[in-house]
1. Only Cα pairs within less than 10 Å get springs; with that Gaussian network setup on the chain, which residue of Arg124, Arg113, Arg50 has the largest fluctuation?
2. Within the stretch 132-188, which trypsin sites (Lys or Arg not before Pro) sit in a loop by DSSP and count at most 13 neighbouring Cβ atoms inside 10 Å?
3. Quick one: 3J(HN,Hα) in Hz for the stretch 154-166, Karplus 6.51/-1.76/1.60 with θ = phi - 60°, rounded, Gly and Pro as x.
4. (1) 46, 33, 25; (2) 57, 36, 24; (3) 55, 46, 32: which one is Cα extents along the principal axes in Å as calculated from this entry?
5. So which residue, out of Leu160, Leu14, Leu33, gets the largest mean-square fluctuation from a GNM of the chain using Cα contacts under 10 Å as springs?
6. Using Cα atoms only, what is the angle between the long axis of helix 175-191 and the major principal axis of the chain, expressed in degrees (0 to 90) to the nearest 10?
7. For the stretch 47-118, give the magnitude of the charge dipole about the Cα centre (Cβ charges: +1 Lys/Arg, -1 Asp/Glu; no others), in debye to the nearest 20.
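The numbers here are math on the coordinates, done by the rules we state, and not lab data. Source: prediction; values computed, not measured. Positions of Cβ are generated from backbone atoms using ideal geometry, with glycine treated the same way; all protein chains shown enter the neighbour counts.
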Amino acid sequence: MSLKVYLAGPEVFLANAREQLDRKIALTRAAGLQPIAPGDLSIPPQPTQRELGHAISAIDESMMDRADAIIANLTPYHGLSADSGTCFELGYMCAQGKIAYGYTNVAADMRTRSVALYGNDVHRDASGRLRGPDGLMIEDVDMADNLMLQGGIERRGGRLIIHDAAPEARYTDTTAFEICLRLVAERGALVS
């Protein structure tokens, strides 16, 4: 039996979300895995936007509960870091001890992106910690994003694939995603 893989990422927010999700679903099936995609949900009408949000959250959690693994797109979204919903999903799956893999289509690590954002306003404090203009420490651990994301994946035997996609293709380039698919399929063959 093939693994059921939850496909997490900000693709649901793209203007061509359905096209991109369908492409990733097809690639997942071609890898011999069963895709579970957050964009594939039917939400009953809700009386308020908040209740709509709760309904989507409950459906997504139910989908993750059925999955054996997650592939999380951790490409920075609306800022320095990965999509916060994807971060929750990755943590949710890791907490359940499920197989976790991820990728980013931005090669620069968190420290490099932070320094680029803040420029000359970055400094080292008396103890040598890198700090932004707000005085907050900038993570300096040679990881693609927050250490809990990459650490959660790697400490569970998964990998975070780092790819440098063209800026206009950051959310549509599937190079790193396809590597994750191959790795998950290989791992699934070992646990079957």
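1. Maximum among the listed residues: Arg50.
2. Details: sites: Arg155, Arg156, Arg159, Arg170, Arg182, Arg187; in loops: Arg155, Arg156, Arg159, Arg170.
For trypsin sites (Lys or Arg not before Pro) across the stretch 132-188 that sit outside H, G, I, E and B with at most 13 neighbouring Cβ atoms in 10 Å, the list reads Arg155.
3. Those phi angles translate into 5, 5, 9, x, x, 9, 9, 8, 10, 10, 9, 7, 4 Hz.
4. From the options (1) 46, 33, 25; (2) 57, 36, 24; (3) 55, 46, 32, the structure gives (3).
5. Largest GNM mean-square fluctuation: Leu14.
6. 60 degrees
7. Details: 5 positive and 8 negative charges, 51 e Å.
Dipole magnitude for the stretch 47-118 comes out near 240 debye.
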